[in-house]
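So the structure is just underneath, and the comments pick up after that.
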Amino acid sequence: MDFSKVIDVLRALGTEGVRYVLVGGVAVNLHGLGRTTQDLDLFLSPDVDNIEKLKAALRKVFSDPSIAEISAEDLAGAYPTVRYVPPDESFVIDLLARLGDAFRFEDLEAMDMDVEGVRVRVATPRTLYRMKKDTLRPVDRMDAVALRRKFHLAEE
């Protein structure tokens, strides 16, 4: 994953005023737990205005007409995840608006972090732990254990 391109995306999100929370492997890394990942997971407020801001941010980084296909309707629908694959990049961007009934954008605890001079909205360790502890993927369960230990989180 080209981290400089990830920073470009995060910078553009801030410039456009996108309401998002960074979750997933990149967020785990930013909390000091090294983990390899090939995707950027963004939890978004799925309202139309925010998704239009998201698309404007992505257009600042990628020259890709398929960005227009991202819609608030998809993110507010029954399967509220969109995978955006930037052209000629070594990573994908997963756009999430809800995880079943367990998590909505409004439910996420987040904090601001400075990453290479860019203000990034990142899920707190507790939120990441709660999101990962009961998943089926072994890497998520390992992340949850590492987060619980490093941040002395109560086992839920």
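Here is how the numbers come out for the structure above:
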item	result
Residue list for the range 3-20, restricted to those being more than 18 Å from Val48 (Cα to Cα) and of a type in the set (Ser, Thr, Tyr)	Ser4
Residue ID - nearest to Asp41 (Cα to Cα), chosen from residues in the range 83-126 that are among the β-branched types (Val, Ile, Thr) and in contact (Cβ under 8 Å) with a residue 40 or more places away in the chain	Ile93
Pairs with Cβ under 8 Å, 6+ apart, first in the range 54-76 and in contact (Cβ under 8 Å) with a residue 40 or more places away in the chain, second crowded, with 16+ Cβ neighbours inside 10 Å and among the hydroxyl-bearing types (Ser, Thr, Tyr)	Leu54/Tyr20; Leu58/Tyr84
Set Gly17, Gly34: member being among the small types (Gly, Ala, Ser), surrounded by fewer than 16 Cβ atoms within 10 Å (Cβ to Cβ), at pLDDT below 95 and in contact with a helix residue (DSSP H, G or I) (Cβ under 9 Å, 6 or more places away or on another chain)	Gly34
Per-region count, the range 121-145, residues surrounded by fewer than 20 Cβ atoms within 10 Å (Cβ to Cβ), among the hydrophobic types (A, V, I, L, M, F, W, C) and in a helix (DSSP H, G or I)	3
Subset tally (residues that are modelled with pLDDT under 95, among the charged types (D, E, K, R) and under 13 Å from the mean Cα position of the chain (by Cα)) for the range 92-103	1
Selection within the range 1-20 - within 18 Å of Val92 (Cβ to Cβ) and either outside any helix (DSSP H, G or I) or of a type in the set (Asp, Glu) (or both)	Met1, Asp2, Asp8, Val18, Tyr20
Residue among Asp74, Asp41, Asp8 that alone is at pLDDT below 95 and acidic (Asp, Glu)	Asp74
Cβ pairs under 9 Å, 6+ apart, first in the range 1-14 and without any contact (Cβ under 8 Å) to a residue 12 or more places away in the chain, second assigned to a helix (DSSP H, G or I)	Phe3/Val26
Residue selected from the range 86-120 under the condition among the small types (Gly, Ala, Ser) and not in a strand (DSSP E or B), by the criterion nearest to Gly24 (Cα to Cα)	Ala97
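The values are calculated or read from the model by the stated rules, or taken from the named source; none is laboratory data. Since we're looking at a predicted model, the values are computed, not measured. Positions of Cβ are backbone-derived with ideal geometry, glycine not excepted, and every protein chain shown enters the neighbour counts.
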